[in-house]
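The values are calculated or read from the model by the stated rules, or taken from the named source; none is laboratory data. All figures in this text were calculated on a predicted structure; none of them were measured in a lab. Cβ atoms come from the backbone with ideal geometry, glycine included; neighbour counts cover every protein chain shown.
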Amino acid sequence: MHGCGAYKSIAALLMVVSVLASLTVLAAERTPQQESFDRLQEEQRRREQRRADDVFLPGPARAAEQVDIESSGPCFTVTAIELRVANGLAPQLEAVLSSRIQAATGACLTAFGLQQLHRELSNHLTGKGFVTSRLLIPEQDLDQAELVFALVAGRIERVETEGLSSRKVRLALPVRSGRLLNLRDLEQAIENLGRVRGLEAAFDILPGSDNGESVLRMLGQQGRRVGATMVVNEKYYGSTMHGSALLNTEIGSPFGLTDRLLVALNTDLDRAVSDRSWGGGVDYEIGLRYWLIAAGFSRQAYLNRVDAAFERLDATGETDTSRFELGRVLHRSSTTRVNLTALFSYSDVLNDLDDTVIRVSSYQLNSSGARLDISYRWHRLQLSGGVTAEYSEGHGPGTALLTGESIADIHNQRVQLNISGMYPFVWQNGSLQLRWNGQHSDNELFPLQRFSVASGVRGFDDISVTGNSGHTFSMEYAISPRIGSTGIWARPFFATELGWVPSQGDETEFNRLAGITAGSDISWKRLRIGLEASAPIQRVSTKESDNSHVVRARMTLSL
């Protein structure tokens with residue numbers, strides 16, 4: 001028994017030394033732990049894509065014609081312009097028009113110029129979303145050199161619902177009866193309601209009983225609230241075949257609110273990377289007027305059985321992450337949306353060898369930060385991006401090794417950036433998509449925090465390349481033609497990807513990966529099958545893969 005215990009100690013020591021060595025080398029053989037970290041990063045990218053898909057931007061309205069209020073002919077000089085609100089106070093409308101009124105003060109207006117000024121101010125109100133507010137020119141003596149506009153503030157007389165519960169509407173709609181009617185508030189309500197799976201929402205504005213009053217009718221049609229998607233992936237590189245499966249379940253309005261619940265499960269289908277590897281996560285989100293609250297928990301785990309001289313040892317690892325987010329829409333227009341989110345998370349990384357904790361790869365992280373998201377739409381062009389600033393504090397075994405050192409900087413900061421753009425083409429429903437993900441840190445980060453470049457560049461599935469700082473860029477062109485009247489859609493695509501780790505601090509070596517991918521998806525009803533081939537561009541890459549290509553097959557079934 002003493003011999004077995006000594007063997008365990010030696011085995012644990014060798015594993016510690018190997019893990020320590022891997023921290024100083026950017027490129028290494030893919031490990032079960034890195035596989036878990038990469039899946040967590042993929043999960044984060046799916047959240048980013050979901051946030052971008054949730055944004056509702058109708059796009060720019062028809063551009064107002066440029067007008068010149070000064071024209072030739074008899075004119076009168078305007079020394080002052082007064083706004084008289086006909087139905088109560090409306091300081092918000094006055095503030096919207098103040099800059100335009102100030103610019104027009106002192107101008108010499110003809111009758112045509114007065115009409116043009118009235119048109120410009122009215123268009124400005126409409127462009128700011130106040131579509132039911134009206135600006136009138138009352139009868140007046142223009143010889144006094146003072147111009148008076150009558151402002152009829154457009155307000156909500158009452159809110160009616162059809163196909164929607166009044167509770168959902170109260171939670172989604174940022175305004176109430178008696179308040180100014182603004183399209184931006186209604187678009188925010190549609191965005192909140194659209195977060196509920198299967199719910200199609202719209203609104204209608206009807207005349208009210210009084211001047212300036214409108215009846216807001218919120219319309220909805222609820223489809224299936226529960227849906228699931230099963231994805232089976234199989235990839236082949238060299239002599240290795242590696243399969244995995246993912247099951248996503250989404251429940252719309254689980255508590256009768258403007259909320260949704262998402263549950264994800266994943267597992268390996270073979271022992272190519274580890275004897276067992278599995279994970280899962282739960283995410284909950286609720287939209288409340290201009291606020292978004294999100295919370296989630298995820299776990300990735302693996303098990304490897306190591307045959308030793310005297311016995312079989314179990315090498316296991318678990319990575320748990322809990323997160324909470326509180327976001328607020330700061331600005332929205334028909335083309336732009338700006339959102340600020342406070343971030344809080346806690347991660348627990350535990351690796352052990354036959355119930356003996358491997359100190360060098362076990363630690364906990366408390367993180368907090370903020371993320372600024374910006375979405376923009378101009379006609380068919382769609383852009384979205386986010387920048388995150390995060391501060392983390394580590395503790396646990398990995399921060400207090402036997403030598404008194406830590407595997408990373410206990411207090412560290414990092415900045416993350418993601419930008420994506422999509423432009424659709426009319427021909428064959430084509431689209432061009434660009435995406436850039438990046439991270440910068442001057443600190444030595446914990447393995448969970450390091451940026452994985454190899455996972456973002458297809459074709460390098462057999463190696464791991466990470467850095468405290470790193471970037472990936474991808475460009476993809478695809479078309480989606482319909483095959484006759486069969487209901488089958490094809491989506492052939494071509495993509496190129498580039499990733500790099502800059503040389504800075506202790507990482508003195510610059511590393512770059514590049515690859516190309518071509519493939520196609522075929523969709524029929526609820527089934528989608530994809531086949532693609534990726535190849536590393538060895539001439540451009542500073543790290544080589546042992547494989548000339550990687551072939552992936554994917555089947556997605558929506559339930």
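Going by what's in this entry, would PHE149 be described as out of contact with any strand residue (DSSP E or B) (no Cβ under 8 Å at 6 or more places or on another chain) and in contact (Cβ under 8 Å) with a residue 40 or more places away in the chain?
Values: out of contact with any strand residue (DSSP E or B) (no Cβ under 8 Å at 6 or more places or on another chain): no; in contact (Cβ under 8 Å) with a residue 40 or more places away in the chain: yes.
Taking the combined requirement at face value, the residue does not satisfy it.
How about the range 172-206: which of its residues are out of contact with any strand residue (DSSP E or B) (no Cβ under 6 Å at 6 or more places or on another chain), in a loop (DSSP other than H, G, I, E, B), touching a residue at least 60 places away in the same chain (Cβ under 8 Å) and surrounded by 20 or more Cβ atoms within 10 Å (Cβ to Cβ)? If the condition is that a residue be out of contact with any strand residue (DSSP E or B) (no Cβ under 6 Å at 6 or more places or on another chain), in a loop (DSSP other than H, G, I, E, B), touching a residue at least 60 places away in the same chain (Cβ under 8 Å) and surrounded by 20 or more Cβ atoms within 10 Å (Cβ to Cβ), then LEU173 is the only one that fits.
When the residues of the range 512-542 are filtered to those that are of a type outside the set (A, V, I, L, M) and in contact with a Pro (Cβ under 9 Å, 6 or more places away or on another chain), the one that is surrounded by the most Cβ atoms within 10 Å (Cβ to Cβ) is GLY515.
Can you name the residue in the range 161-179 that is among the hydrophobic types (A, V, I, L, M, F, W, C) and out of contact with any helix residue (DSSP H, G or I) (no Cβ under 6 Å at 6 or more places or on another chain) and is also farthest from LEU292 (Cα to Cα) among such residues? If you could, list the steps in order and put the result at the bottom.
First, the residues of the range 161-179 that are among the hydrophobic types (A, V, I, L, M, F, W, C): 164, 169, 171-173, 175.
Filter again for out of contact with any helix residue (DSSP H, G or I) (no Cβ under 6 Å at 6 or more places or on another chain), leaving 164, 169, 171.
Numbers: LEU164: 20, VAL169: 15, LEU171: 11 Å.
Among residues in the range 161-179 that are among the hydrophobic types (A, V, I, L, M, F, W, C) and out of contact with any helix residue (DSSP H, G or I) (no Cβ under 6 Å at 6 or more places or on another chain), the one farthest from LEU292 (Cα to Cα) is LEU164.
Set side by side, the residues TYR284, TYR237 differ, and just one is aromatic (Phe, Trp, Tyr), outside the structural domain of HIS331 (by TED's automatic domain parsing) and surrounded by 19 or more Cβ atoms within 10 Å (Cβ to Cβ), which is TYR237. When ARG450 is evaluated against the numbered criteria (1) crowded, with 22+ Cβ neighbours inside 10 Å; (2) of a type outside the set (A, V, I, L, M, F, W, C); (3) more than 24 Å from GLY238 (Cβ to Cβ); (4) modelled with pLDDT of 95 or more, which criterion, by number, is the only one it fails? (4) is the only condition that ARG450 fails. Just one of the listed residues (GLY127, GLY113) is among the small types (Gly, Ala, Ser), surrounded by 13 or more Cβ atoms within 10 Å (Cβ to Cβ), touching a Ser or Thr at 6+ places or on another chain (Cβ under 9 Å) and without any contact (Cβ under 8 Å) to a residue 60 or more places away in the chain, and it is GLY113. In the range 68-85, which residue that is at pLDDT below 85 and surrounded by 14 or more Cβ atoms within 10 Å (Cβ to Cβ) is nearest to SER133 (Cα to Cα)? Within the range 68-85, the match that is nearest to SER133 (Cα to Cα) is ILE69. Checked against (1) touching a His at 6+ places or on another chain (Cβ under 6 Å); (2) in a strand (DSSP E or B), ASN248 meets all criteria but (1). Taken over the range 50-67, the criterion of being in contact with a strand residue (DSSP E or B) (Cβ under 8 Å, 6 or more places away or on another chain) and either assigned to a helix (DSSP H, G or I) or modelled with pLDDT under 80 (or both) is satisfied by ARG51, ALA52, GLY59, PRO60. Here ASN412 fulfils each of the conditions (1) at pLDDT below 95; (2) assigned to a strand (DSSP E or B) apart from (1). Within the range 105-131, the set of residues being touching an Asp or Glu at 6+ places or on another chain (Cβ under 8 Å) and small (Gly, Ala, Ser) comprises ALA107, GLY113, GLY129.
Taken residue by residue, the range 29-46 has no member that is of a type in the set (Lys, Arg), modelled with pLDDT under 85 and exposed (fewer than 14 other Cβ atoms within 10 Å of the Cβ).
Just for the range 265-285: of the residues that are touching a Leu at 6+ places or on another chain (Cβ under 7 Å) and in contact (Cβ under 8 Å) with a residue 60 or more places away in the chain, which one is nearest to THR31 (Cα to Cα)? My answer is SER274. Scanning the range 417-428 for any residue that is at pLDDT 90 or above, surrounded by 21 or more Cβ atoms within 10 Å (Cβ to Cβ) and of a type outside the set (Ser, Thr, Tyr) turns up at least one such residue.
Filtered by the rule that a residue be surrounded by 14 or more Cβ atoms within 10 Å (Cβ to Cβ) and assigned to a loop (DSSP other than H, G, I, E, B), the range 134-171 gives ALA153, GLY154, LEU164, SER165. Hey, does the range 372-384 have a residue that's among the hydroxyl-bearing types (Ser, Thr, Tyr), part of a strand (DSSP E or B) and surrounded by fewer than 17 Cβ atoms within 10 Å (Cβ to Cβ)? Within the range 372-384 (the criterion being among the hydroxyl-bearing types (Ser, Thr, Tyr), part of a strand (DSSP E or B) and surrounded by fewer than 17 Cβ atoms within 10 Å (Cβ to Cβ)), the answer is no, since none of the residues qualifies.
Looking at the range 529-559, which of the residues that are under 19 Å from ALA490 (Cα atoms) and basic (Lys, Arg) is nearest to the chain's Cα centre (by Cα)? Filtering the range 529-559 for residues that are under 19 Å from ALA490 (Cα atoms) and basic (Lys, Arg), the one nearest to the chain's Cα centre (by Cα) comes out as ARG554.
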